[in-house]
Amino acid sequence: MDRRIAQFIAALRASGVRVSLAESADAFRAVEELGVKDRETFRSSLRATLVKEQQDIPTFERLFPAFFQPGEPPPMSDATQGLSQREAQMLAEALRRFNQRLRDMMEKLLRGEPLSPEELAELDQMLNNSEMNDLRYQNWLARQMEQALNFREVRQALEELMQLLNEMGMNREHLERLRQAVRANQRAMQEQLRQHAGEQILQNMVENKPREPRDGLLNRPFQAFNEDDLRLLHQEVRRLAAALRTRLALRLRRARSGQFDLKATLRANLKHGGVPIELRHRDHTLKPKLVVICDISTSMRYCSELMLSLIYAIQDLISKTHAFTFIDHLEYVSPYFEHHPATQAIDQVLQRMPGGHYNTDLGHSLKNFNETYLDTVDHRTTFIVVGDGRNNFNDPRLDIFRTIARRARATIWLNPEPPALWGTGDSDMQGYAPLCDHTFQVNNLQQLANAIDKLLLH
Amino acid sequence: MTRFTNPQHLKAALGKQNYIASDEIATVMYLSQQLGKPVLAEGPAGVGKTELAKALAGATGFELIRLQCYEGLDETKALYEWEYAKQLLYTQLLRDKLSDTYAQALTLHEAADRLAAEEDVFFSMRFLLQRPLLKAILSAQPTVLLIDEIDRADAEFEAFLLEVLSDFQVSVPEIGTLQAVHRPLVVLTSNNTRELSEALKRRCLYLFIDYPSLEQELAVVRLKVPDLSPKLARQAVELVQRLRGMDLRKAPSISETLDWAKALVTLNANSLDQATLETTLSVLLKHEADLQKAKRHLFSPPQRDRRSGMEPPTPRWQN
């Protein structure tokens, strides 16, 4: 059983759940405490010790039954039992009409013999399924196995066999019973195959180490990512955010705000007999405030999901974050981020604002911002724009941008395009760039990490 | 003072405290007792995470010590603080006694030595103001420590908490290291407004409490608001469950269901007709937009009803 649990943990890891050594040790201790007899208790004890994120619970729930199901296939019964000698002879005679290959399978089903381990091993070799490591393929793989065994032909042949027996004058009742029993055996064998397929996939999951494309991921441009990479990317962004969080904690600027601290003063002056000679002031933590405006128009879509997940992570980090997205107008998205898990919130935002053709209008969005949300920017706020500055030849409203930049403590622009392209075509970047304190090209994770690192320094 | 012998025992004990625990909750709490690990309870607001700790304290007979987290919470508020004013007052009042102490001293050196021998008086437990964490550690009786809404505290505080939660010992520079007499049963709650650090999660058992199923919620309502007729209670709970399926800014939680049930009893309602709903729905839904949406949903003809309750399919965006 311990081995099985270890395999289960390996499979969890392979599916992207982070399980540390300490946690797996906890799992074993928990199982030791409560045993494995009661399945629900066993499940709860594994879940409480191994899974620490809400979003990993579905993975756990999917894998758990696959690993800890009572693994016996349903029993098969000998369908030929209860036949009279004459009828058995009849059956043997009818069977002789089919070719050897079909006859073997049919006899197996009639006698109720499950597939032997050797046969299953042969099947695996034939299908060469060592690449498959996702349980979603279980049914598909089972069907492949059925095909390899010519299941359909066998089924047809069995129907024909019944027909034949009927013609040969077998007792109706016996024939019906035979038919039912053979059907049940077929289903049982299918179930056996399904379970075997599942087992096979689990084996693959445990053995195949998950890919580690982290290095490649860091330096790959955002355009080159496909859907599969996005999941990894999210993980990476989360990791980055966690790293930044600790760094941020160290860097929160401590300033003397001048507020008098009575307790500290009393304590400092105990040595002077209570005469307040040294005055103490309260340490005041200056927390950053952020306003982020993110372009999610068509030209930015390839990286907007990622940028939004980053903004989500930042909002987690810095409570005073106001996040906005825009295409042709501005939307306040922080409330979504506060109440939903990351992927859900991002999907919602992207759904709410579908991309269009040539409708990006930063100028108008800045006007929206100026009218409604300007009070979110004050002298402690860092104002961040994420976008390519491509404005479809609309008025860039540099005047408003200048007002905002002047109000803010710092203005930062993250642009996925290389500086050489700034100002070409409909890009207004050349106009905005001088008004920003910093501009960064951000087209891969490495650049993103560097930019954020610098950004939090302010 | 009870130590539980198995999860069922714990579940029954919680039941006596009017807390209906699922098997999972009972199992995790039992494991927490056996392994000596804190439990991190996550889930939407108002599903009874805090209540769980209170019920646990009631069931065990231990004292409940609660630390409510908020932004800016620091060690002096969570752990301990010296009572400066008291120290100062004592020095003033004891001045005569102090001068007696070093009156016979012949040299300055000797006087200083004598004073040093006494200085422990001023940095002793007498002047230490115990905050929740230290209280839980020093308590002579075992306790239940509830660290509520840990996600509201800052990341630094979380890091500090790690140290306390892993060894249950605290070092006070003037006194020395204080070791826990009994390991408290620790329950941390989080509404998941920000992600907690991996390190903290690793040290805890994880318990996700979701909205209850219809039957569970009905059982809670029947238990806490026994005056509500069974039929009406079922109708009410069904309605709440339906509201949770809608896309609302803030879905009603169990505590709101209970408030609503109480409101229904107070108003002597005998059916959930439109008039009753109009007047009482605001107990369940706390946002005006949600309220409007729910009313549209509930008072519209049934065929539209079904459609609006369904989630739209989630299309993936394309490049």
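The values are calculated or read from the model by the stated rules, or taken from the named source; none is laboratory data. In this text, all values refer to a predicted model and were calculated from it rather than measured experimentally. Backbone-built Cβ (ideal geometry, glycine too); neighbour counts: all protein chains shown.
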Pairs with Cβ under 7 Å, 6+ apart, first in segment A:103-118 and surrounded by 14 or more Cβ atoms within 10 Å (Cβ to Cβ), second among the hydroxyl-bearing types (S, T, Y): A:L110/A:T80; A:R111/A:T80; A:G112/A:S77
Exclusive hit being in contact (Cβ under 8 Å) with a residue 24 or more places away in the chain and among the hydrophobic types (A, V, I, L, M, F, W, C), set A:M90, A:M126: A:M90
Test result for B:S166, small (G, A, S), in the same structural domain as B:C69 (by TED's automatic domain parsing) and in a strand (DSSP E or B): no
Residues of segment B:194-229 that turn out to be surrounded by fewer than 19 Cβ atoms within 10 Å (Cβ to Cβ), more than 14 Å from chain A (Cβ to nearest Cβ) and either out of contact with any helix residue (DSSP H, G or I) (no Cβ under 8 Å at 6 or more places or on another chain) or within 30 Å of A:F337 (Cβ to Cβ) (or both), as a count: 7
Some residue of segment B:278-291 being more than 25 Å from B:N18 (Cα to Cα), surrounded by 15 or more Cβ atoms within 10 Å (Cβ to Cβ) and over 28 Å from the mean Cα position of the chain (by Cα): yes
Qualifying residue in segment B:33-50 (condition: more than 20 Å from B:C204 (Cβ to Cβ) and either in contact (Cβ under 8 Å) with a residue 40 or more places away in the chain or not β-branched (V, I, T) (or both)): yes
Identity of the residue in segment B:161-179, over 24 Å from B:F208 (Cα atoms) and touching a Leu at 6+ places or on another chain (Cβ under 8 Å), that ends up surrounded by the fewest Cβ atoms within 10 Å (Cβ to Cβ): B:S171
Exclusive hit being under 19 Å from A:A66 (Cα atoms), of a type in the set (D, E, K, R) and surrounded by fewer than 21 Cβ atoms within 10 Å (Cβ to Cβ), set A:R47, A:R39, A:R29: A:R39
Helices (runs of 4 or more DSSP H) wholly inside segment B:74-144 containing at least 3 residues that are in the same structural domain as B:F168 (by TED's automatic domain parsing), under 30 Å from B:G36 (Cα atoms) and among the hydrophobic types (A, V, I, L, M, F, W, C): B:132-138
Selection status of A:D78, in contact with a Leu (Cβ under 9 Å, 6 or more places away or on another chain), among the acidic types (D, E) and within 14 Å of chain B (Cβ to nearest Cβ): no
Filtered residue count, segment A:62-78, keeping only those that are buried (at least 16 other Cβ atoms within 10 Å of the Cβ) and of a type in the set (D, E, K, R): 0
Residue count for segment A:276-324, restricted to those that are more than 13 Å from chain B (Cβ to nearest Cβ), surrounded by 16 or more Cβ atoms within 10 Å (Cβ to Cβ) and in contact with a helix residue (DSSP H, G or I) (Cβ under 6 Å, 6 or more places away or on another chain): 6
Test: residue in segment A:47-56 that is free of Cβ contacts under 8 Å to residues at least 12 places away in the same chain and out of contact with any strand residue (DSSP E or B) (no Cβ under 9 Å at 6 or more places or on another chain): no
Number of the exception - A:T59 against (1) in contact with a helix residue (DSSP H, G or I) (Cβ under 9 Å, 6 or more places away or on another chain); (2) exposed (fewer than 15 other Cβ atoms within 10 Å of the Cβ); (3) more than 7 Å from chain B (Cβ to nearest Cβ); (4) modelled with pLDDT of 85 or more: (2)
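Condition check ((1) under 20 Å from B:L128 (Cβ atoms); (2) modelled with pLDDT of 75 or more) across all residues:
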site	(1), (2)
A:R253	no, no
A:S257	no, no
A:D261	yes, yes
A:A268	yes, yes
A:K271	yes, yes
A:P276	no, yes
A:L279	no, yes
A:K289	no, yes
A:I293	no, yes
So A:R409, is it modelled with pLDDT under 85 and at negative phi: yes
Failed condition for A:L350, given (1) away from chain B (no Cβ under 14 Å); (2) within 28 Å of the chain's Cα centre (by Cα): (1)
Considering residues of segment A:22-55 that are at pLDDT below 85 and over 19 Å from A:R3 (Cβ atoms) only, the residue farthest from the other protein chains (Cβ to nearest Cβ): A:Q55
Any hit, segment B:17-39, residues being modelled with pLDDT under 85 and either surrounded by fewer than 17 Cβ atoms within 10 Å (Cβ to Cβ) or within 14 Å of chain A (Cβ to nearest Cβ) (or both): no
Residue match in segment B:81-100 (condition: more than 13 Å from chain A (Cβ to nearest Cβ), under 21 Å from B:E163 (Cα atoms) and at pLDDT 80 or above): no
Residue list for segment B:178-193, restricted to those being within 14 Å of chain A (Cβ to nearest Cβ) and out of contact with any strand residue (DSSP E or B) (no Cβ under 6 Å at 6 or more places or on another chain): B:N191, B:T193
Flag if B:A45 is over 18 Å from the mean Cα position of the chain (by Cα), assigned by TED's automatic domain parsing to the domain that holds B:A180 and of a type outside the set (D, E): no
Subset of segment A:369-384 that is surrounded by 18 or more Cβ atoms within 10 Å (Cβ to Cβ) and not β-branched (V, I, T) - its residue that is farthest from A:R409 (Cα to Cα): A:F369
Scope segment B:6-32; condition aromatic (F, W, Y) and either in contact (Cβ under 8 Å) with a residue 60 or more places away in the chain or part of a helix (DSSP H, G or I) (or both); matching residues: B:Y30
Selection count, segment B:244-288, where residues are within 18 Å of B:R222 (Cα to Cα) and polar (S, T, N, Q): 7
